[in-house]
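Every read-out reported here was derived from the displayed coordinates using simple, explicitly stated rules and does not represent laboratory data. Keep in mind the model is a prediction, meaning the values are calculated, not measured. Here the Cβ is made from the backbone with ideal geometry for all residues, glycine too, and neighbour counts use every protein chain on show.
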């Protein structure tokens, strides 16, 4: 018979437990991660009594948590997604509000800086207005630094957050490993019954972990789980954990990396991390923080480059050249900080790289990585990190510094032994905003004026209107001496369409420039650039005409012979730079025969592309003397006859002559005079056509063939009729020793024995620089001249003819070799021919060299002088012959604001990537951060909705509902009461039974 | 669907928080008056706002420049008007002096009066502006443009610089005129000349303005320039200071003027002109005599003054006076014409400043409006939105307490 009592008792037990479970559910209603539990009640095995099966009560089979694995997994994924986006939004939002706030953004700083500049431009001489510029510049510098500081501080916070998060991940991983062990133990000892609370705890730990980082969970054997993160890197395997670590980035020291140690190997998994706060932080760093710092740096560098460059082209209120406005952003320490070697590079750590900003308009906001790819130690490539593009692939030489141009900066390998496998991280723009610093200190230093000023002579008759000039390059010889223009320029119109550009150092004697700019073309009706505009061409000048050893005798009985022009044969080579290989390539040689007229050589050279050659021949004649007729001569008495290029200059002509323009000197003086020769040459129609002209200053006559034709002279006359012949190139003696106490004069003696040494040097193109020293006491001026001559002759200076030394009224010493040319009284004559000087203008990348080294055409490796002056002036209108325009240093220019206007215009220039102004660049940066923040906001919101939904789903299944539990409480209580009644009935039955026996 | 108690509470709280966020945002918008609080609210509009702000800031710079430019023009205009008045008085006096009935004494008095007038003209030419800068000295704002010369007359010390101010993104206006263009570069009725010391000189010699001794002779040499060069004393025996007069075109000495003994302050006469070098020039020093078709207004008047004092009452003197007076009148008229032309230029500049100003103001208004549309809040909309949002918040709060007060436990 079934045992009613034990059935009742089983009912009591069952309901007691059920009530306990319900109570437990109610108590844990607010416990996070708790899943409600249900009792699993089963009926006991029936007993076979009397041929029938009779039930024997109930029992609790199991207490189970109500739980849906799929929903929990989904919740974990949604948690990861939301945390990632939430953390991105939170961090980006902070940068977002920093950028556009007028109190903290860059824009107001830029506006105030340029606004203050404009006020100074209006009143350039006002020190208070300039002071405001200095303070506002400092304000702008502070803005850059403050914003940069906020951003880099954020980076530091971010590094700290990463440390904390990784710490938490490790702690949670450990907790999961421990729980795995406990669950294993609990389930095996409970023979399959689930340790519900432990499982809940583990699920909670997993959920917390997925808030931090995206995880993948795999159940191992029904009890243990394995957790991996990122791309399958295991964090927890059963009961063991592999800890994550935060290390200083191997490439970029300011960016921490996440490292997982697996089997003793460190694995950088920063890029593999996805999901969770950690991934949100990394995304923030990559998408918002790093670009913001770099873009701000790029704006700063753009501002610095343009302001500094323009400012240096100006002069300050005291006429001093503009200093750099901001401190040098390419200073060695700053440039070296832009490149960092990888920690893993081969030891010793001896490599030194530097990054110099060369063109802010081409800068990107990316960082770069240099990789020495091997197999050798010289090959490397440079990767632009933003887009992974390979921007350079080449090899270094060991010739340091070895430089390479990339995206607006120069990568310079400065020292060290590079090894295959080396890596370097380049950050061209990152410190741009941090390192900006004001260089100017005083308001006077602001360079609002332009160093040059033009001046039209008031004697001008034409209507030419000259610009005030613009400076493009201050690194030319013209601006070498502060406060001066070297040399001042005189632009003199020789006709309405031609002009000469002259050196106006001595306004009484303007002289040609070197390289000369004579006979330039002017086109009325358009804007003409009066000075060279091409900064890349260079000029080479030949050594010029030579004085022969002696004049050539022409025997009257023999056929006419030609005197050589003194120019040696030579081979000229034009070399050009191959733009692809970077190697100089020679073009075919020119063979120049001996005595080739300069005009011919120039013509040949001009046929070459990129070459323009001109020639000019100059002869100077002085000290004309008249000879005497020797009465015992077998030859008849005859007047002197001087011939130039076959045209007799000393003829006496009838009144109706057609050879000379009138008036001309019709009487031939004896001796000949410079004025006579000059006037005859200038009046001759043939010479006019040939471009041969002469200038006399009364003492000497200079004869010039402007196209470089040879000038051939022939003199026939009495014994002694003659002159001194030279190429007119004065050589200056430059004092190098002590200054002479009194002026030298060609009329007075001089005592060089007191004081001294009185040393001088002179430079002879094609030869050398020679030094002499004047010593001794000399009674007369002639003695002094002789002393100088003796000293010059004592050097190795090689020349022909006789040295003619001259001391001018200011005590300057010049000399030149001159050849005395005389008639000898017979019918024969003497001939001398002068060759010309060749000027070659070469385009960029071309050079000229000459061989053999004994040739007197050019120096072997002649110096290539720049033609460009560094500044330009333009002119419109119609000038008249004789009109003069000066270009001078702009002295006392306190009211000039031209450079100020150019500085102010920088706010309108498209500096950033060549298509954005500074403030547009900043605007784009704000927009980018704003877009990312907005996107993160929207995404976070939708992720939140998903998360809420899956949370609700989980709660819906596993959450405790108090009303439900209350109902159960009533239900189980009723059950319990009923079971108790069963026992009571059992007792009654028992009593009844006992009563029968009583 | 089954709802857990925790969920029920949480959802209620979440609803309240969300509504609070919305109310708070509207509240911020209303208290700041801006519809966009951070760039993330509307990245594109934010960039546009930055651009507009920059544009407005730039226009404000231009607006300041416009006012400054106007002031500069007005200042110059006033000075020029006064110069013309004075020149006209001098002109009247000049006519008086040419009246055949004046004696040398009368002319002396007139000369003295003209000289006084000239001084006030020069004072006007040396006008400074509010920031103490000489308005007619070009870029050399702190250099007095018209300085009295040692040998009489005035020399121009400024330069031809013209300052420009940016008054709009693509227009700038000149804010000064150089005294050289205004008062020096004046066409002269006859060919004339001006002198200058070579800046390279080491001695103390200075050259005076000089005068034309023989117009015909000067005309025959025109446009040749000359220079006086001092030679070594030893060029003469016994050694003595001496000079040569040379042509600038080819350095050739003028006939008969090579190594001439020098005495300070004596007339050096050639090519129809007469100049004096005083002080002590050193060998190598040069003084330049440039021929010109132009004469400064100060030189014109100074030469008149000298002439009026010099020429006597003879018939020949009378002819010279007539010639001089008529030349001077023409030259003064040229001056007045030149100044009047410049005044009308100033007027034109003022006009263009005015029109740029109007245009700028219109544009600024447009920018301001655009900015306002983008960033300013529509208060009516925002306030009604806020009241709806507050109502929703209130509702969610009430629902929360209502719903959560329902529990089976209340009946146990």
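Fully extended, how many nm does the chain gain between residue B:56 and residue B:142 (0.36 nm per residue separation, minus their Cα-Cα distance)?
Separation in residues times 0.36 nm, less the Cα-Cα distance, equals 27.5 nm.
Within the stretch A:548-590, whose backbone N sits under 15 Å from a point 7 Å along Cα→Cβ of residue A:860?
Inside the label zone: A:571-573.
When a/c is below 1.5 the answer is rounded, else prolate if a/b is larger than b/c, else oblate, so apply that to the stretch A:703-792 with a ≥ b ≥ c taken from the square roots of the Cα gyration tensor eigenvalues.
Because a/c hits 1.5 or more and a/b fails to exceed b/c, the stretch A:703-792 counts as oblate.
Binning at 5 angstrom from zero up to the longest distance, how are the C-alpha pair distances of the stretch A:486-557 distributed in percent?
3, 12, 17, 17, 15, 11, 6, 6, 6, 4, 3, 1, 0
For Cα pairs less than 8 Å apart in space and 6+ apart in sequence, what is the mean separation divided by the residue count of chain B, i.e. the relative contact order in percent?
It rounds to 23 percent for chain B.
When the gyration tensor of the stretch A:367-496 is built from Cα positions, what are the square roots of 5 times its three eigenvalues, in whole Å, from largest to smallest?
Those come to 50, 20, 15 Å.
Taking a spot 7 Å from the Cα of residue B:116 along the direction of its beta carbon, which residues of the stretch B:309-340 have an amide N less than 19 Å from it?
Residues B:309 fall inside that zone.
With viscosity set to 0.692 mPa s at 37 °C, what whole-number translational diffusion coefficient in µm²/s follows for the stretch B:37-112 from Stokes-Einstein and a Kirkwood radius over Cα pairs?
For the chosen part, D equals 182 µm²/s.
Can you give the Rg to Rh ratio of the stretch A:27-102, both from alpha-carbon atoms, with Rh computed by the Kirkwood formula?
1.49
Go ahead and run the numbers for FRET between residue A:497 and residue A:843, Cβ-Cβ distance against an R0 of 25 Å, rounding to 0.05.
So the FRET efficiency works out to roughly 0.50.
Using 1/(1 + (r/R0)^6) with R0 = 51 angstrom and r between the beta carbons of residue A:266 and residue A:945, what's the FRET efficiency to the nearest 0.05?
Calculated transfer efficiency: 0.80.
Considering every pair of different Cα atoms, what Kirkwood radius, in Å, is found for the stretch B:26-179?
For the stretch B:26-179, inverting the mean 1/r across all distinct Cα pairs yields 20.2 Å.
Before anything else, pin down the relative contact order of chain A: Cα pairs under 8 Å, at least 6 apart, normalised by residue count, whole percent.
Taking the mean separation of contacting Cα pairs over the length of chain A, I get 18 percent.
How many nm separate the modelled label positions at residue A:336 and residue A:44, each set 7 Å beyond the Cα in the direction of the Cβ?
With each label placed 7 Å out from Cα toward Cβ, I get 9.0 nm.
If each of residue B:63 and residue B:380 carries a label point 7 Å out from its Cα toward its Cβ, how far apart are those two points in nm?
2.8 nm
Report the extension gain between residue A:878 and residue A:170 in nm, rounded to one decimal, defined as 0.36 nm multiplied by the number of residues separating them, less their alpha carbon distance.
246.3 nm is the gain from fully extending residue A:878 to residue A:170.
In percent, how large is the relative contact order of the stretch A:106-180, given Cα pairs closer than 8 Å and 6 or more residues apart?
Computed value for the stretch A:106-180: 28 percent relative contact order.
Please report, in cubic angstrom per residue, the volume enclosed by the convex hull of the alpha-carbon atoms of chain A.
Hull volume normalised by residue count: 260 Å³.
To the nearest µm²/s, what D does Stokes-Einstein give for the stretch A:737-780 at 10 °C and 1.306 mPa s, using the Kirkwood radius over alpha carbon pairs as Rh?
Reported coefficient: 136 µm²/s.
Enumerate the residues in the stretch A:536-555 having an amide nitrogen under 20 Å from the point lying 7 Å beyond the Cα of residue A:768 toward its Cβ.
A:543
Alpha carbons only, please: Rg and Dmax for the stretch A:794-914, in angstrom.
Using the Cα atoms of the stretch A:794-914, the pair Rg, Dmax is 25.8, 83 Å.
Any chance you could give the angle, 0 to 90 degrees and rounded to 10, that helix A:781-794 forms with the longest Cα principal axis of chain A?
Taking Cα atoms only, the helix is inclined about 60 degrees.
Could you estimate the translational diffusion coefficient of the stretch A:808-871 from the Stokes-Einstein equation, with Rh from the Kirkwood formula over C-alpha pairs, at 20 °C and 1.002 mPa s, in whole µm²/s?
The estimated diffusion coefficient comes to 126 µm²/s.
Going by a ≥ b ≥ c, the root eigenvalues of the Cα gyration tensor, does the stretch A:640-683 fall in the rounded group (a/c under 1.5), the prolate group (a/b larger than b/c) or the oblate group?
Rounded, since a/c falls under 1.5.
Rounded, prolate or oblate: which fits the stretch B:320-376, taking a ≥ b ≥ c as square roots of the Cα gyration tensor eigenvalues, rounded meaning a/c under 1.5, else prolate when a/b beats b/c?
Because a/c hits 1.5 or more and a/b exceeds b/c, the stretch B:320-376 counts as prolate.
Given a Förster radius of 45 Å and the C-beta distance between residue A:481 and residue A:376 as r, what FRET efficiency does 1/(1 + (r/R0)^6) yield to the nearest 0.05?
About 0.35, to the nearest 0.05.
What angle do you read, to the nearest 10 degrees and between 0 and 90, between the alpha-carbon axis of helix B:379-405 and the longest principal axis of chain B?
So the inclination is approximately 30 degrees.
Using only the alpha-carbon atoms of chain B as identical scatterers, what base-10 log of I(q)/I(0) does the Debye formula give at q = 0.06, 0.07, 0.09, 0.12 Å⁻¹?
-0.48, -0.56, -0.74, -1.03
With the Cα gyration tensor of the stretch A:202-244 in hand, give its eigenvalues times 5 under a square root as the equivalent ellipsoid semi-axes, listed largest first in whole angstrom.
That gives 15, 13, 9 Å for the three semi-axes.
Once label points are set 7 Å from the Cα along Cα→Cβ at both residue A:352 and residue B:368, what is their separation, rounded to one decimal in nm?
5.9 nm
With everything on Cα atoms, drop me the angle between helix B:43-98 and the longest principal axis of chain B, reported from 0 to 90° to the nearest 10.
20 degrees
By how many nm would the segment from residue A:419 to residue A:794 lengthen if fully extended, with 0.36 nm per residue of separation less the alpha-carbon distance?
Stretched out fully, the residue A:419 to residue A:794 stretch lengthens by 129.2 nm.
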